Amino acid sequence: MVLLDGRKTSQELKQEIAAEVAVLREQGKKVPHLAAVIVGNDGASLTYVSSKVKACEQVGFQSTLVKLPEETTQEALLEKVYELNQNHDIDGYIVQLPLPKHIDEEKVLLAIDPKKDVDGFHPANFGRMALELESFIPATPFGIMQLLERYDIDTQGKHAVVIGRSHIVGRPISILLSQKGEYANATVTLAHSRTKNIKALVLQADIVVSALGIPNFVTSDMIKPGAVIIDVGITRVQDASTPKGYRIVGDVDFDNVAPKASYITPVPGGVGPMTIAMLLKNTLLARKRSEG
Ligand code: NAP
């Protein structure tokens, strides 16, 4: 069994990005600039956003954190989005989800300029991705595809079972794995809460991508020997023995599944760190594309 080490791979990616930024700097060109908008004080969201800003600093990007109060109106947030669309200094930006309940997320995402939509959530980018055109691929599925490529995992003609059909993970990774390409060309089954007999399906899988957010959902009796296991799940479970009072667990019963797998991502340290690295990659792409 080989551990798909997202920490190590994301570090390599960040070093590559930092080297490109250094060249831009040497050439007197503008370095990429990522902005992140956060509304409210949700603890997990603040942690995610601050790690994104920190990652920008590590690779030499400029970053701007726009912190807005919980009671920000939809109109005020849209104004901020329009301002960021117009600001030539910002190459890409994200609006951290979830937004407070009184704000219509869809309206906000639709207002983002697709050329700056480095999260890849705008329908224009999602559609372009599905059509295999130049786009921004959402960071988590993009990170999974990078792991497959960098570990040279053969996906050609393999049966991939994706569990979860969210717009940010399950659905896009099912599209990417089924596309034409060297680390794609898989035959994909997309499972969700209405799927009957998930166990029988997963047992047929050469590649399993689990993105549902239920700890220990994928157990060793569901796994074909030699399968590749990608665990996207992130769930905080209470654990008084840790300094924070909780620990992060994935969807996969790692201890029992790992011995049967050919490759497996740990949680934490698998897909999670790749997600941030791919956001940086998208921001660098936005910078390059804006130069024409
Ligand atoms: P989501 O929007 O909550 O969607 C969950 C999906 O799982 C839905 O499609 C749902 O089916 C399906 N599902 C729920 N219960 C099921 C069951 N019993 N059997 C089969 N399918 C079931 O999730 P998400 O945003 O994609 O996130 C999934 C997990 O990944 C979460 O733990 C999240 O924290 C984590 N995540 C991690 C990263 C990372 O960087 N590593 C990034 C994003 C998300 P229905 O559609 O039928 O409801």
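Each reported figure results from applying straightforward, stated rules to the coordinates on display, with no laboratory input. All figures in this text were calculated on a predicted structure; none of them were measured in a lab. Heads up, the Cβs are rebuilt from the backbone with ideal geometry, glycines too, and the neighbour counts pull from every protein chain shown.
Here the chain is treated with +1 on each Lys and Arg Cβ and -1 on each Asp and Glu Cβ, and its dipole about the Cα centre works out to around 300 debye.
Summing charges over neighbours of Val249, with a neighbour being any other residue whose Cβ is under 11 Å away from its Cβ, gives -2 when K and R count +1 and D and E count -1.
Computed over the chain, the per-residue total of -39500 (n - 2.57) for DSSP H runs of n ≥ 4 gives a 222 nm mean residue ellipticity of -12500 deg cm²/dmol, rounded to 500. Kindly provide log₁₀ I(q)/I(0) values, in the same order as q = 0.07, 0.10, 0.17 Å⁻¹, from the Debye equation applied to equal alpha-carbon scatterers of the chain. For the requested q values the scattering log ratios are -0.27, -0.55, -1.46. A straight chain from Glu291 to Arg236 at 0.36 nm per residue would run longer than the Cα-Cα distance by 15.7 nm. Taking Lys and Arg as +1 and Asp and Glu as -1, the other residues whose beta-carbon sits under 15 Å from that of Asn282 total +2. Taking the Cβ-Cβ separation of Tyr246 and Ser50 as r and a Förster radius of 25 Å, what is the calculated FRET efficiency to the nearest 0.05? It comes to 0.90. For Lys224 and Asp154, the difference between the fully extended length at 0.36 nm per residue and the C-alpha to C-alpha distance is 23.6 nm.
State the antiparallel share, in %, of DSSP beta bridges confined to the chain, rounding to the nearest 5. Given both bridge residues lie in the chain, the antiparallel proportion sits at roughly 10 percent.
Placing dummy labels 7 Å off each Cα toward the beta-carbon, the span from Gln86 to Lys29 is 2.8 nm.
Using the Cβ-Cβ distance between Ala18 and Thr73 with R0 set to 41 Å, the FRET efficiency from 1/(1 + (r/R0)^6) comes to roughly 0.60. For Gly213, neighbours were defined as the other residues whose beta-carbon sits under 14 Å from its Cβ, and their charges (Lys and Arg +1, Asp and Glu -1) total 0. Note on segment 114-167: percent of Cα-Cα distances in each 10 Å bin, starting at 0 and stopping at the bin with the largest distance, equals 22, 46, 29, 3.
Both radii come from the Cα set of segment 219-265: Rg as radius of gyration, Rh as Kirkwood radius; their ratio Rg/Rh reads 1.08.
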